[in-house]
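The structure appears right after this line, and notes come after that.
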Ligand code: GLN
C-alpha cells in the first residue's frame with residue numbers, strides 16, 4: 001500500500017500521557033440541527049477567564065461536533081452527547097467560566113460551523129491537515145489518530161491490494177480525502193471510494209457487501225467491529241495513516257485560541273485530560 005504521510009503540525013504537542021486525574025463533569029445537550037443548542041455544565045469551576053475573548057453566545061462555549069465517532073463523541077441512550085471530546089470541551093468551558101453547549105451535526109457541517117463563526121470550537125476527532133489549516137486554526141494536538149482498514153473476516157483484502165477494491169469511508173474525513181486522491185498522491189482514485197454520511201453507515205455498507213473495506217480511525221473502528229460482531233468483521237494488521245487530532249477554531253480568533261489552548265494544556269498538566277481518556281479507553 002501507499003502510505004500517506006500524515007501532516008505533522010509544527011506546534012503539535014505529542015501527548016505523553018501521564019497520571020491519573022479526577023473526573024470532570026460532562027454535559028451538554030444534543031440537537032440535530034446546527035443552530036440549536038442545549039446545554040449545561042454542573043461542575044464547580046475554577047479560575048476565571050483572563051483574556052478578552054468573546055464567544056458566539058455570551059457565557060456559553062458552543063462546540064460543533066458529529067456525535068458518531070466513539071469514543072470521542074457519541075450519543076448516550078438518552079440522546080445526549082458524551083465522549084472524550086465532549087468531556088474535554090466541558091472541562092475547558094469550565095476553566096473559562098463558560099457553559100458548554102454541544103451542537104451535533106454532520107462532520108462537514110461541524111467544520112464549516114466553526115469556520116463561519118457559528119460555533120466557538122469544533123471537536124470531532126478532527127485531524128490537523130494542511131488543507132484544513134488554510135481554512136481554520138488548530139490548538140495544540142491532544143491525541144494521535146491512527147486510521148485502519150476494516151474488512152470481513154476471511155476476505156482477500158490486504159493493505160497492498162486496496163487500490164483494486166471498493167473502499168467505504170465517512171464523507172469529508174481525511175480517510176475519504178486521502179483514499180479518493182489520485183494514485184500519484186498515495187490514493188486509490190475516486191472510482192474506488194464511496195463516502196457515506198457516517199462511519200456507521202460505511203460499516204453497514206461493508207456488512208452488506210457494497211464495499212470491500214472501510215478506512216476509518218482506529219478507536220471508532222474497534223467500536224464498530226464490536227457492534228457488528230455477528231457480521232464477522234476484523235481490522236487488518238497495520239496502520240493506514242497516523243495523524244494528530246486538535247481542536248479547531250475560526251481563523252484569526254487569537255484571543256479565544258489563547259484561552260482554549262491554555263485551558264487544554266492545563267488539563268493535560270493536571271491529569272484531568274488523562275482522567276477523561278481513561279474513562280473511555282482501557283489500556284491494551
Ligand atoms: N480524523 C478524521 C478526520 O478528521 C475523522 C474524524 C471523524 O470522522 N469524526 O477527518
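Readers should treat all values here as calculations from the given coordinates under stated rules, not as data from a laboratory. Remember, predicted model here, so these are calculated numbers, not experimental data. Every residue, glycine as well, gets a Cβ built from its backbone with ideal geometry; the counts of neighbours run over all protein chains shown.
Points to keep in mind about this one:
- Segment 69-206, relative contact order [Cα under 8 Å, separation at least 6], %: 16
- Once the chain from residue 197 to residue 155 is taken as fully extended at 0.36 nm per residue, the excess over their C-alpha distance is 12.7 nm.
- Cβ-derived FRET efficiency at R0 25 Å, residue 52 paired with residue 265, nearest 0.05: 0.85
- Rounded, prolate or oblate (a/c below 1.5 giving rounded, otherwise prolate when a/b exceeds b/c) for segment 183-246 by Cα gyration tensor: oblate
- Separation between Cα centres of segment 94-126 and segment 239-284, rounded to whole Å: 14
- Extension gain, residue 182-residue 227: 0.36 nm per intervening residue step, less the Cα-Cα distance, totals 13.0 nm.
- Normalised by the number of residues in segment 171-284, the average gap of Cα pairs under 8 Å and 6 or more apart makes the relative contact order 12 percent.
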